[in-house]
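Remarks on the structure that follows.
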Amino acid sequence: MAEQNVITSMLDDFAQEQPIHTAICIGQDLTQVQCHQSILWHHFSVSAFLNLPFQQRYDMGVVMLDSSEMQDLDTQKMSQILVKLRDLFAKRLVVVSRLQDEKLLRALGFTQLIDKTTHEADFALWQFNILTYKHVPDWFNSKFWANPENWDKFRW
């Protein structure tokens with residue numbers, strides 16, 4: 001499967017940026033991925049994950065929206081899974097999806113890793129990383145809004 005090779009090489013790249021010790025996967029069991037023996041994988045089915053209470057935050061989350069288990073889900077269930085993973089369970093989230101899921105993933109703040117025009121297959125790769133989600137603008141610093149040196153000089 002081409003997607004397995006993409007995930008394997010992607011995990012290599014992500015591990016170089018930031019160490020990955022624990023990972024959670026939804027949709028397809030990736031516990032047998034051979035590239036990283038040091039990653040402790042946890043696999044959950046869709047129903048088990050939606051009922052899972054928050055107990056720990058994982059370094060990586062992988063969702064296979066194009067797997068057979070996930071293809072029958074409606075948009076609301078997919079959205080619930082992605083939001084729960086993004087907000088609670090994973091520091092970095094990677095989603096393998098079909099091309100038709102682009103609107104949902106963009107709406108949830110995901111960025112596309114593989115351009116869909118570079119291949120003929122019906123899959124796209126998306127990520128959400130809270131560390132790179134929003135860039136801090138230049139104006140968001142004390143130079144433009146605090147200015148304690150001007151407190152006695154000007155009246156606002």
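Output the qualifying pairs, or none if there are none: Cβ atoms under 7 angstrom, residues six or more apart or on different chains, first residue in segment 133-156 and modelled with pLDDT of 70 or more, second residue outside any helix (DSSP H, G or I) and not hydrophobic (A, V, I, L, M, F, W, C).
Correct list of pairs: Tyr133/Gly109.
Hey, can you tell me all the residues within segment 31-41 that are modelled with pLDDT of 70 or more and over 16 Å from the mean Cα position of the chain (by Cα)? So that I can check it myself, show each step before the final result.
To start, the set of residues in segment 31-41 that are modelled with pLDDT of 70 or more comprises 38-41.
Selection gives Ser38, Ile39, Leu40.
Of the residues in segment 71-116, how many are in a helix (DSSP H, G or I) and not hydroxyl-bearing (Ser, Thr, Tyr)? Spell out how you get there, then give the answer.
Narrowing segment 71-116 to residues in a helix (DSSP H, G or I): 75-89, 99-107, 116.
In the following step, the residues that additionally are not hydroxyl-bearing (Ser, Thr, Tyr) were identified as 76-78, 80-89, 99-107, 116.
Residues in segment 71-116 being in a helix (DSSP H, G or I) and not hydroxyl-bearing (Ser, Thr, Tyr): 23 in total.
Kindly list the number of the only condition in (1) under 19 Å from Phe110 (Cα atoms); (2) modelled with pLDDT under 90; (3) in contact with a Phe, Trp or Tyr (Cβ under 8 Å, 6 or more places away or on another chain) that fails for Phe14.
Here Phe14 clears every test but (3).
Could you tell me whether segment 99-119 includes any residue that is within 19 Å of Asp29 (Cα to Cα), of a type in the set (A, V, I, L, M) and in contact (Cβ under 8 Å) with a residue 40 or more places away in the chain? Spell out how you get there, then give the answer.
Residues of segment 99-119 within 19 Å of Asp29 (Cα to Cα): none.
Checked segment 99-119: no residue is within 19 Å of Asp29 (Cα to Cα), of a type in the set (A, V, I, L, M) and in contact (Cβ under 8 Å) with a residue 40 or more places away in the chain.
Quick test for you: out of Gln56, Gln28, pick the one residue that is at pLDDT 80 or above and of a type outside the set (A, V, I, L, M, F, W, C). Give the derivation first.
On the way: Gln28 fails: at pLDDT 80 or above.
Only one candidate passes the filter, namely Gln56.
Would you tally the residues in segment 42-53 being of a type outside the set (A, V, I, L, M), outside any strand (DSSP E or B) and either within 9 Å of Ile24 (Cβ to Cβ) or within 17 Å of the chain's Cα centre (by Cα) (or both)? Break it down into steps so the answer makes sense when it comes.
Initial filter on segment 42-53 (of a type outside the set (A, V, I, L, M)): 42-45, 47, 49, 51, 53.
Those left that are additionally outside any strand (DSSP E or B): 45, 47, 49, 51, 53.
Imposing the further condition that a residue be either within 9 Å of Ile24 (Cβ to Cβ) or within 17 Å of the chain's Cα centre (by Cα) (or both) reduces the set to 49.
So the count comes out to 1.
The values are calculated or read from the model by the stated rules, or taken from the named source; none is laboratory data. Remember, predicted model here, so these are calculated numbers, not experimental data. When we count neighbours, we look across all protein chains shown, and the Cβ atoms used for this are built from the backbone with ideal geometry, even at glycine.
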